[in-house]
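Have a look at the structure below before the remarks.
What follows is calculated from the coordinates using simple rules that are stated; it is not laboratory data. It should be emphasised that the depicted structure is a prediction, and the values quoted were computed from it without experimental measurement. Don't worry about glycine lacking a Cβ; one is built from the backbone with ideal geometry, like all the others, and counts go over all protein chains shown.
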Amino acid sequence: MAENDFEIIPFDPAAATAADPLWAAYLDHVEAMHYEVDPEDPVLPREKHQEMLRVAFRMPYVSRRLYLALTPEGRAAGAASVSTETEASPSYQANKHIANLNFSVGAKYRRRGLGTRLLAHVKARLAAEKPSVTEFMCAAILEPGRAFCGRLGKVALEQSENRLYLKDLDWAMVERWAAEGRSKNPASSVVVTRFIPEEDIADYSRVYTETMNQQPFGELSMKIIFTPEQIREGEKECRETGEEDTTIYTKEADGTVSGLTETTYLKDSPHKVRQMLTGVREKYRGRGLGKLLKALMLLEIRAKHPGVKYVATGNADSNAPMLAINKALGFKKHLPVLIYTLKLKDIK
């Protein structure tokens, strides 16, 4: 099959009906890619995958586009999704030059020029619709993807998905961390919640912004800003999709939020919890708050979701402070991920 035998078309999950045949084409492709990357990790049930994608495509702070490369028989040989911040996002001015790109070509369709054609198609659409974008940010796990991106751009950040299997966790150590953390911080209170209380939301969003930007971004030129409105929108998304987003944060005696950690759990994937951001404001470091927060979250997972097999998290390989805590807990590298930047001017 030659490069020109594929038809590239847009696919809008938010507008597509459940019976649209493009759903089956898309899901067949992404599930095949998922198992190529991680053969033993179950995929989401298709109905849940559809539901979550529909919700994601309606989010007001991010604009998403999805393209499928179809064979004459209607199968998806490849897919490309691209997201950009909208002008409603408080980070828009800092990040309007960046598009987050995820694209893939099925194993049997590689080395036929399809990846090049798919990328050129996305570039052309962005040039017409989002002329402020000058570079793609693209993650690659498989070697063919790394080779492709390496020809067009450069590695900007090395990171990994790290996993902690709870059967191997030293729970006595976790309980000790929790007790020591409380002992060292007797004036600090702990809040465990799915929805941030109104009295804390403004300061919480400031801490979230500060700690999010403390993590290494390598050579990525970006800044992330979170507002109370964005956090509320994320909570709304969780309610719509059924995700259980749990946040644990510490407050000082004066009511200031000093640190936080958050996880997401989906009952449709009961074997795992995804650890999201963990961070402590710089002025409150050195008191064991990071270890306290991590320990309390693990104890929360054990109490509420005893069937969970592992906790997955993403870390920059250069994030030494967080990696030290994770290593002590027993997290191990599962999937190495390279983040590339591709300049649009270099894509023909």
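In square nanometres, what is one fourth of the surface area of the convex hull spanned by the alpha carbons of segment 3-133? Walk me through the intermediate numbers first.
Details: hull surface 34.5 nm².
Answer in nm², one decimal: 8.6.
In the frame of its principal axes, segment 57-144 has Cα extents of 42, 26, 22 Å, reported largest first. Placing one equal scatterer on every Cα of segment 288-348 and applying the Debye formula, the log10 ratio I(q)/I(0) at q = 0.17, 0.21 Å⁻¹ is -0.71, -0.95. Annotation: extensible slack from Val37 through Asp170 equals 45.0 nm (criterion: 0.36 nm per residue apart, minus Cα-Cα distance). The GluC sites (Glu not before Pro) found in segment 3-69 that occupy coil by DSSP, while having at most 10 further C-beta atoms within 10 Å, are Glu40. If you model the chain as an ellipsoid using its alpha carbon gyration tensor, with each semi-axis the square root of five times an eigenvalue, the axes come out at 37, 22, 20 Å, biggest first.
For Ser221, no residue 5 or more places off, or on another chain, has a built amide H under 5 Å of its own.
Which stretch or stretches of segment 72-99 have amide N atoms under 16 Å from the point lying 7 Å from Ile347's Cα along the Cα→Cβ direction? Backbone N within reach: 78-85, 96-99. Rounded to the nearest angstrom and listed largest first, the equivalent-ellipsoid semi-axes of segment 200-287 from its Cα gyration tensor are 23, 17, 14. Placing a label point 7 Å from the Cα of Thr264 along the Cα-to-Cβ direction, the residues of segment 27-65 whose backbone N falls under 16 Å from that point are 43-45, 48-64.
Between amide H atoms placed 1.01 Å from N, distances below 5 Å from Gly259 occur with Thr250, Arg281, all of them 5 or more places distant or on a separate chain.
Extents of segment 239-323, largest first, come to 39, 32, 23 Å (Cα atoms, principal axes, whole angstrom). The distance separating the Cα centre of segment 101-134 from that of segment 157-191 comes to 42 Å.
Could you work out how much longer the chain between Ala88 and Leu335 gets when fully extended? Use 0.36 nm per residue separation minus the Cα distance between them, nm to one decimal.
On the way: separation 247, 0.36 × 247 = 88.92 nm, distance 3.36 nm.
Working it through step by step, the gained length comes to 85.6 nm.
First measure r as the distance between the Cβ atoms of Arg111 and Glu282, then evaluate 1/(1 + (r/R0)^6) with R0 = 45 Å and state the FRET efficiency to the nearest 0.05. Don't jump to the answer; show the numbers that get you there.
Working: r = 48 Å, r/R0 = 1.07.
The computed FRET efficiency comes out at 0.40.
Under 20 Å of direct C-alpha separation, and excluding same-chain neighbours fewer than eight residues apart, Lys283 reaches these lysines: Lys184, Lys251, Lys291, Lys294. Histogrammed with a bin width of 5 Å, the alpha carbon distances of segment 161-336 distribute as 1, 8, 17, 21, 22, 18, 11, 3, 0 percent, first bin at zero. Available extension along the chain between Asp254 and Lys327 is 23.0 nm, counting 0.36 nm per residue and deducting the alpha carbon span.
By the count of other C-beta atoms within 10 Å, a proxy for reagent exposure, Asp245, Asp28 are ordered fewest to most as Asp28, Asp245.
Cβ-to-Cβ counts within 10 Å put Tyr35, Tyr310, Tyr340 in ascending order as Tyr35, Tyr310, Tyr340, the fewest first.
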